[in-house]
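Where a number appears in this text, it was derived from the coordinates with a stated rule and is not lab data. All values derive from a computational prediction rather than experimental measurement. Note that each Cβ is placed from the backbone with ideal geometry, even for glycine, and that neighbours are counted across all protein chains shown.
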Amino acid sequence: MIAAMAEPVIYLDHNATTACDPRVVEAMLPLMTETYANPTTRNHRPGRDAACALERARATVDRLLGGRAASEVVFTAGATEGNNLALMGAADALADRGRHIVSQRTEHASVLEPLAALQRRGWEITLVGVDEIGRIDLDALESAIRDDTTLISLMLANNETGTIQPLAEAAALARSRGALVHCDAAQAVGKIPVDVAELDVDLLTASAHKFYGPKGIGVLWIRHRRPRIRLMPVNFGGGQEAGLRSGTPNVPGAVGMARALEIAASQGDAERARLAVLRDRLESSILEALDGSWPNGDAHNRLPNTSNLSVAGIEVNALLASLPDLAVNTGSACTSAHPEPSPVLRAMGVSDELASSSLRLSIGRWTTEEDVDRAAARITEEVTRLRRMPTRMGRGSHRR
Ligand SMILES: *Cc1c(COP(=O)(O)O)cnc(C)c1O
């Protein structure tokens, strides 16, 4: 069936991905149509021009992450690849020193799954718990670190709740015990200030499509001094990206990511303040209108664009089906193919029932006040309607 006219959809799923900023697209286009040569080829001028563009992007990304040398930047296909390379690459490189890694329970699947793979290969993995607002338990972290712990891996901001971890404190603990620190900063970079020197991490991952850059490009930042971190590659080939990520580099992507970071840096505080006001307006109108609704996460220290709410007495997939005019997500967005209660919320002590009736609302650069008011009104209206329904049968089916 062909829809007569696409309904306008209010997009509130920016933690899943963002639209490319038009300024980013503009910066990328010449790298696709003009400076398209393979940057690995240094024996002709077009190749050298592409290499030049790639190295400029590398220097920009390093500088805007607070690094000290462009060579600290390895371009990847995104945060999943970066996390895999960081964890597998460091585990392999440090295997002689120990085979114990510490992480925490609310990490993204792209951290938890490589750790599970390492466990199957003989590594010991300790996952530390979080408190009821999703912050890592620093005492538990301290006691989890052993003499044979080579690496700790902690996210900076959680993708479901927006909770920001006390990463610098955690990194200091790890460092005092001689463990390296990896940080999945995919939700933080471009949304809040992220500085590898301030955080004092050794490895940090980010992904451009989470901050208005293109999909398919990310960065693994690797400390090069004090100490110099060496990883084992996980794929092999032409030896691009210092041997850590063989394959023809994605030059348009790298240039787009650098531009997206520049824009985020220049909008900085103003964008964060605007988003926090809108997010608070969205969240408080829903919480005020609906009995039996609660916010999840750290109210004082979370991403400015993210709101995670539990709404008692609704089945979240029924709610989403009745809101075709909104693009919102369940708590466990990345694995929403199978509707299990969010492991992140469960780790925070939220009951299974409430964890499976949770919504994640994540606003972004082009969200307006009208958008959040409309979204709050629609969510309130549909929750109220669904709560009145005697059973859950037949919901939403008449819409198609
Ligand atoms: C989105 C996300 C990832 C994965 O990023 P991709 O670029 O899509 O691979 C990893 N970690 C966190 C916290 C994320 O939000």
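Quick notes on this structure:
- Take 176-186, 349-359 and order them by the average number of nearby Cβ atoms within 10 Å per residue, most first; the result is 176-186, 349-359.
- Projected area, mean over directions - the stretch 136-200, Cα convex hull, nm²: 4.3 nm²
- Residue-by-residue Karplus 3J(HN,Hα) for the stretch 37-47, coefficients 6.51, -1.76, 1.60, Hz, glycine and proline x: 4, 6, x, 6, 8, 9, 9, 9, 5, x, x
- Taking the helices alone, the chain has a mean residue ellipticity at 222 nm of -12000 deg cm²/dmol, built from -39,500 (n - 2.57) per DSSP H run of at least 4 residues and averaged over all its residues.
- Rounded D (µm²/s) - the chain, Kirkwood Rh over Cα pairs, Stokes-Einstein at 25 °C, 0.890 mPa s: 111 µm²/s
- Restricting attention to the chain, close to 55% of DSSP beta bridges with both partner residues there are antiparallel.
- With the charge dipole of the stretch 22-263 set up from +1 on Lys and Arg Cβ and -1 on Asp and Glu Cβ about the Cα centre, the Cα lying farthest toward the positive end among the listed residues Met32, Leu138, Ala109 is that of Met32.
- Candidates Thr18, Thr384, Thr60: whichever shows maximal mean-square fluctuation once the chain is modelled as a Gaussian network with Cα springs under 10 Å: Thr384
- Segment Arg175-Ser284, length gained on full extension (0.36 nm per residue, minus Cα span): 35.2 nm
- GNM result for the chain, Cα springs below 10 Å: residue of Gly213, Gly238, Gly98 fluctuating most strongly: Gly238
- With the simple spin-label model, which puts each label point 7 Å out from Cα in the Cβ direction, the Arg388 to Asp148 separation comes to 6.3 nm.
- Reducing the stretch 352-369 and the stretch 1-67 to their Cα centroids gives an inter-centroid distance of 28 Å.
- Estimated Rh, the stretch 268-387: Kirkwood, alpha-carbon pairs, angstrom: 14.5 Å
- Taking a ≥ b ≥ c as the square roots of the eigenvalues of the Cα gyration tensor, an a/c ratio below 1.5 marks the stretch 61-201 as rounded.
- Along the axis of the charge dipole computed for the chain (Cβ charges of +1 for Lys and Arg, -1 for Asp and Glu, origin at the Cα centre), the listed residues Leu278, Trp294, Val73 are led at the positive end by Val73.
- Per-bin percent of Cα-Cα distances, the stretch 136-256 [5 Å]: 2, 10, 19, 20, 19, 16, 9, 4, 1
- Net charge of Cβ neighbours under 13 Å - reference Ala69; Lys, Arg +1; Asp, Glu -1: +4
- In terms of its alpha-carbon gyration tensor, the stretch 29-98 comes out prolate; a/c meets the 1.5 threshold, and the first ratio a/b outweighs b/c.
- Per-selection Rg to Rh, the stretch 6-136 - Cα, Kirkwood hydrodynamic radius: 1.08
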